[in-house]
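Here is the structure we will look at.
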Amino acid sequence: MVHPMELRPGSSAALFETLGQLKSNWIKGGWSWDNRFNCLASSFSTEQDAEARAVVLRYLPREYTTKTVSGAPSQVRQVAETTGGLRVDQRLYSTDMGGRLFAFGLWWPWGDETTISLRLGLGGYVAEADLVRLRDVFDALE
């Protein structure tokens, strides 16, 4: 149980609490660890698109596309750049900025028209301990 004082907006505790809620409301089971981008990954059917997007937006309320990412905070734009940029069919989601860390989601439809991947990661001033905690929250397998 996290002490309510620790859940002040912008705190790491509040961010990980939000991510834990996202995990418990996610549309399907396990998450894997993506070493390429140091983030979590979950793939699902395009038939689950609307349901998945509703969960993502509940916890990562800022949505960016190729047309709107230029107006995103610099740390969000940096995530887009370091993960290869956004293509027309991709989206980038994030929590609000406010603390040392923020969470992001990369919405990547596959070219097969049947699968979408969501990658969840941390941006901002990320320490190795933060990445370990993220993997622990999601029980992510390597």
Inset, instruction - Between beta-carbons, use under 13 Å as the cut-off and find the net charge around GLU51, counting Lys and Arg +1, Asp and Glu -1. - result: +1
Legend entry - Net charge contributed by nearby residues that have their C-beta within less than 10 Å of GLU63 (K/R +1, D/E -1): +3
Inset, instruction - Would you compute, from DSSP H runs of 4+ residues alone, the mean residue ellipticity of the chain at 222 nm, taking -39500 (n - 2.57) per run and dividing by the full residue count, rounded to the nearest 500? - result: -9500 deg cm²/dmol
Inset, instruction - Using a 10 Å Cβ count of at most 16 others and DSSP loop calls, identify the longest part of the chain lacking such trypsin sites (Lys or Arg not before Pro). - result: 101-142
Inset, instruction - For the range 6-67, divide the Cα radius of gyration by the Kirkwood radius and give the resulting Rg/Rh value with two decimals. - result: 0.99
Inset, instruction - For the range 60-131, run through the chymotrypsin sites (Phe, Trp or Tyr not before Pro) and keep only the ones in DSSP coil with at most 16 other Cβ atoms within 10 Å of their Cβ. - result: TRP110, TYR125
Inset, instruction - Could you tell me what % of all Cα pairs in the range 28-98 have separations over 18 Å? - result: 46
Legend entry - Identified option (computed Kirkwood radius over Cα pairs in Å; candidates [x] 19.0; [y] 18.3; [z] 15.3): [z]
Legend entry - the range 25-50-the range 97-112 distance, computed between alpha-carbon centres (Å): 11
Inset, instruction - Show the residues, 5+ positions off or on another chain, whose built amide H is closer than 5 Å to the amide H of CYS39. - result: ASP34
Inset, instruction - Would you mind computing, in nm to one decimal, how far apart the modelled labels at SER74 and VAL126 are, each placed 7 Å from Cα along Cα→Cβ? - result: 1.9
Inset, instruction - Using a cut-off of 13 Å between beta-carbons, work out the net charge of the residues near TRP110 (Lys and Arg +1, Asp and Glu -1, TRP110 not included). - result: -2
Inset, instruction - Name the shape class, rounded, prolate or oblate, that the alpha-carbon gyration tensor gives for the range 59-142, where a ≥ b ≥ c are the square roots of its eigenvalues, rounded holds for a/c under 1.5, and otherwise prolate holds if a/b is larger than b/c and oblate otherwise. - result: oblate
Legend entry - Rough spin-label spacing in nm, given labels placed 7 Å along Cα→Cβ, for MET97 and GLU51: 3.5
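Values in this text are rule-based calculations from the coordinates and carry no lab data. Please read all numbers here as calculations on a predicted model, not as lab measurements. We place every Cβ from the backbone using ideal geometry, glycine too, and count neighbours over all the protein chains shown.
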